[in-house]
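Okay, structure first, notes after.
Just so it is clear, none of the values below were taken in a lab; they were calculated from the coordinates. No experiment lies behind these values; they were computed from the predicted model shown. Glycine also receives a Cβ, built like all others from the backbone with ideal geometry; neighbour counts cover every protein chain displayed.
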C-alpha cells in the first residue's frame, strides 16, 4: 500500500496546489513542498525492507522488497501491479529528492499561474514515481504518458523565448516514441496471448512469454527505441537540447535529473529481460550508439555558447555511458550505469540550477556575455567549479565511480567500444573547463552588481555536493541495494550464454 | 606510529576543508597557520614514521586500510595506504619540501586578495599527492593522480581574471588527461587479466601469469607509460608544462618541479615488476627520457623567461629519471627525483625571490648584476644551478645524475649510446643553467630591485641550499623495493669524463656569456642559426603541430556542427510535412466548380487506367 500512497500523495498534492492558487498565490509552492516532504518521510522505512520470498513470483530472483496487486480490468488481464526492488527504490528516492530540490530552487522564479505550475511539477513527479514502480505494462504505459503531458505544459507555458518550438518538439518525440511503446506492448501481449491463451499485461507473466525469435526481435526494437529516445541516445537526442534550454529551471532539473533516467530504467527493467536473445543481438549496435552519444554530445557541448545548451549536450554525452554500461550487461558495468544515473542526476540538476540562477541574475544564458563572474559571485563560482569537476569525472565524486565501472565492465566485453568511450573522458574535460572559463573566469565583462548565492541556494547546493562526495567515497550502500536486483536480472538472462561468460 | 600513516594525507585535507568552507573569511594569520601548519605537522609525523620505520634492522612494508572503497563483481579496492622505502622517500619530499614552499608562500602571496584560496588549493594538492604515493592500489593512486591534476589546473589558473592563465590551466588539464585516459585503459587491461588492482598482489600475479616479453604486459606498460608521460611532461605530452608557469611561482616550485611532475617516475618505479616483464616497453621509457631530455635542453638554451628556462630544465631532468628507469637504474631514478626536488624547488623559489624584488619581471635580459643586491637569491641560484648542472663532488645533482649515466653506460649494447646522449644533455644543462646565472646575476644592472624579501622567504631558500648540497650523501631507503642494479665502476675513464662534462659546460657558458671571449652571434645570426634557434625556442614546433593536427580540427568540427546536423533530419521531416500540407492546402479553394472539375478529371484518369489494364 505504501507505494500507492506515495504516488497518491503526489497526485493529490498537485491538485490541492492548483486549487490553492485561488486562495493565495503563495500557497501552491508550500503545498508542493509539504506533499513532497511527506512523500520523502515514507522513504526511510523502505530502505529497511528485506527481500521476502513469499511475495516473489517463482520466475524471478528474490529481489523484490514489495509486490502489490489490485485487480483493475480483469477482462484484459490488467491490474494495478506495483513493486519495489533496490533499483526502483533508488530511482524513487532520487525522484523525490530532486523533486524537493526543484520546488525549492524555483521558489521565487514563477509568477505566472503558480498553482498550475506546481500541479504540473507534482504530476510529473507522480508519473515518474509510477513509472519506477509499475509492473503491469498497461499501468506502466499510463504513468509513462502521465509524466510527459505535464512536462510538455511546463515547457510550453513557463518556458523561455523559444518555448513553442521546443515544447512541440518534445511533445512529438515523446508521443511518437510513446506510440511505438504502446504498439510494442500490445504486440507483446497479443503474441503472449497467442502462445498461452492468457490475456495479461503482467511483467512477470510476460517474462515467460515464449516468443518466436522474429517477433521478439521486432517487438524489442519498439521498446528499445522508445526508451532510447527518452535516454536520450544518439541519434534521437535532438529534442533534449531544445527542451532543456527552453524549460524553466525546475523543469530542467526534473528532465535531466529523473526523466532521462526512466529511459535507462526501461532498458534495464524491460527491454533486456523481456527479450534477452534479441538484446544480445543488438548489444554491439546499442553500445555503438552509446559511444556515438558520448563523443557527439561532448563535441556539441563544446560548440555551444548557451550555458544551458552546453549542459544539455553534456547530458547526451553522460547518458551515452549509461547506454554502453547497460548493454555490456555485467555486474561492473550495470552497477556503474546505476551509479552514473544517480550521480548525473545530482550533478546535472545542480548545473541546471546554476544556469537558472545565472539567467535570473544576468537575464541571459549566453556565455559570450559572461566571464569573470567569480569576482562578483565567488560563492557561486566555487560551487559551480565543484559540479563542473564532478561532471568531468573527478575521482572522489560519484560520476567517476559510475563512468569508471562502466568502462571497466565494458572492457571485458568489447575493447574498441571501451577505448572510444574513454575518449569521452578527454572531451568532457574540454567542454566542462571551457564552460567554467567562459562564465566565472577571465576578465569581468562589466561592472556587475549581482547577488551571490544566498543561504537557500547554498543549502540546496551543499546537499547535492555532499551527495556526490558520499557516492564518490563510499558508494557501497548503493551497490548493496542494487546487487540483489542484478542477481535477479542475471537469472532472467542466463539463458543467453552467448552474451557473456562473466555474468 | 603505524596507525598514524593515514593521518598524513588527512591533515592537509583538513586544512583545505577549513579554508574552502570558510570561503576567505578567516584572518590571514589563521590562513597561514592552517595552510603551512597542516603541512608542517604532516612533515613531523612523516619524520616520526620514517624514524621508526628505518630503525628496524630489516624494515617491513605494511598496509593501513581505512575502509573498503567499493566491492563490486570481484573488484575490491580499498582506501589503503602502503608504506615502504619508496613511499616513505616520496612522503619525505612532499611534506618536507612542501612545508618549505608553504612557508615561503606565506610571504610571497601575502598581498594577494585570494590568499586563503591559494592555501586551500595548495593543501588539497599536498593531500592528493600523498594519497598518490601512499595508495596500495591503482584506483586509489588514480584518485590521487587526478586530484593533483585538478589542483595543478586550479593553481595554474589561480589568477583567473587573466584569460591567458585560464587557457594555460585548461591546456595542462586536457593534455595530462590524454595521458590519464591511456593509464585508465591500462588499469582496465590489468584488471581484466589479473582480477585485481592492488599493487603488491598484482605484481606477484603478473610474474606468475606472464612470461617476459608477452604482449599483454607490454601493452599494459605502454598505457601506464602514457599516463606517466602526461603527468611528468615527457615526449609527446610535455607541451603543457612551460605554459603552466602562468601559475604563482611557489606553485611552479611545488607542483611543477618538486612533486607532481615526478609522479610519472613514481608510477613506473612502483610498477617496475610489470616493466621488467616488458623489455620493449622499458626500452621505450629510456628512449622517451633520452629524447625528451635533449629536446628540452636545447629549448632551455634559447628561452628568455626565467621561469620557462626552469620549466624546460625540469622536463629535461625528468627525462634523466625516465632514462634511469628505462635502463633499470630504479634507485638512481628515485635518487635523482629527490635531489631534483631539492635543487629545482630551490631554483624556482630563488626565481620567485628575484621576480618578487623586480616587480614581476620575468625576462632575464632585463635583469643583470643582481649578485650583490640580492645575495640570498644569488647564492640560491649558484648552488641550485651547480646542482642542476651536476658540478662534481660538492653538489647533490652530481651524485644522482652521475649514477644514472654510469648505469646507462653499463646497459648492454645500447649503453654507450644512451650514455652519450645523456652526457650531451648534461653538457647542454651546464651551459643553459649558467647562462641564466651569468646573465641575471652578473654584468650590469638593468632593473633596480626593491628590498630583498623577508625571512619567511629566505629561510626556505637557505634550507634548500643546504639540501641541494648535502642531498647527494643521503641514501634513499629503496634497496628492498627494487631489484639490485648492475654494479658500476666509480673510477676509470667513463667516470671521469662524466664528471668533467658539467665543468666543461660551465666553462663554455662562462666564456660565452660572461667573459664573452667566444662570440656566438655569427652562428646564431646566420640563416640556419636563426631557423634552428626559432625551432628550438618553440620547443621543436610541437605546440604548432598539435594546434594544427588536433586543436583546430576539433574546434572546426565543433563549430560547423554547432546546430547539430542530426537535427536537420528531424526539422527536414517537419518542413516536408509543412510543405506537403501547403501544397495540398492550395487545392482547397472553396470553389464548387474547381472541385467538380478535379473530380471529373480524376474520374477520367481512373477509367483510363482501368481500361489500360483490362
Under the 7 Å Cα-to-Cβ spin-label approximation, residue A:458 and residue A:363 lie apart by a distance in nanometres of 2.8 nm
Restricting to DSSP H runs of at least four residues, report the calculated mean residue ellipticity at 222 nm for chain A, -39500 (n - 2.57) per run over all residues, nearest 500 deg cm²/dmol.
-24000 deg cm²/dmol
For every helix of n ≥ 4 consecutive DSSP H residues, a contribution of -39,500 (n - 2.57) applies; sum these over chain B, divide by its total residues, and give [θ] at 222 nm rounded to the nearest 500 deg cm²/dmol.
-23000 deg cm²/dmol
Using only the Cα atoms of region B:485-601, each taken as one equal point scatterer with no solvent, compute I(q) by the Debye sum, divide by I(0), and report log10 of the ratio at q = 0.12, 0.16, 0.21, 0.22 Å⁻¹.
-0.86, -1.02, -1.16, -1.19
Nearest 10 degrees is fine. How inclined is helix A:213-230 to the longest principal axis of chain A, computing both from alpha carbons?
20 degrees
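Applying 1/(1 + (r/R0)^6) with R0 = 41 Å to the Cβ-Cβ distance of residue A:1 and residue A:175, what FRET efficiency is obtained, to the nearest 0.05?
So, using R0 = 41 Å, E works out to roughly 0.80.
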Helix B:163-194: angle to the longest alpha-carbon principal axis of chain B, degrees 0 to 90, nearest 10?
90 degrees
Could you state the angle between the C-alpha long axis of helix B:592-613 and the longest principal axis of the C-alpha atoms of chain B, as a value from 0 to 90 degrees rounded to the nearest 10?
90 degrees
Describe numerically, in nm with one decimal, the distance between label points set 7 Å from Cα along Cα→Cβ at residue B:542 and at residue B:597.
7.9 nm
When the convex hull of the C-alpha atoms of the protein assembly as shown is computed, what volume per residue in Å³ does it have?
226 Å³
Pop the C-beta distance of residue A:199 and residue A:221 into the FRET formula with R0 = 22 Å and round what comes out to the nearest 0.05.
0.40
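Looking at the square roots a ≥ b ≥ c of the eigenvalues of the Cα gyration tensor of region B:94-195, which shape do they give, rounded for a/c under 1.5, prolate if a/b is larger than b/c, or oblate?
Because a/c hits 1.5 or more and a/b fails to exceed b/c, region B:94-195 counts as oblate.
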If you take the square roots of the eigenvalues of the alpha-carbon gyration tensor of region B:1-107 and sort them as a ≥ b ≥ c, do you get rounded (a/c under 1.5), prolate (a/b over b/c) or oblate?
oblate
Wrap a convex hull around the Cα atoms of region A:385-501, take a quarter of its surface area, and give that in square nanometres.
10.2 nm²
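FRET efficiency for residue B:61 and residue B:519, Cβ-Cβ distance as r, R0 = 51 Å, nearest 0.05?
My answer for the efficiency is 0.35.
I'd like the projected area of region A:275-497, averaged over all directions, using the convex hull of its alpha carbons. Report it in nm² with one decimal.
Projected over every direction and averaged, the Cα hull of region A:275-497 covers 12.1 nm².
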Under the rule a/c < 1.5 gives rounded, and otherwise a/b versus b/c splits prolate from oblate, where does region A:432-478 land using the Cα gyration tensor?
oblate
When the expected Rg is taken as 2.2 N^0.38 Å, what fraction or multiple of it is the alpha-carbon Rg of chain B?
1.20
Give me the one-decimal nm value for the distance between modelled label points at residue B:163 and residue A:450, 7 Å along each residue's Cα-to-Cβ direction.
1.7 nm
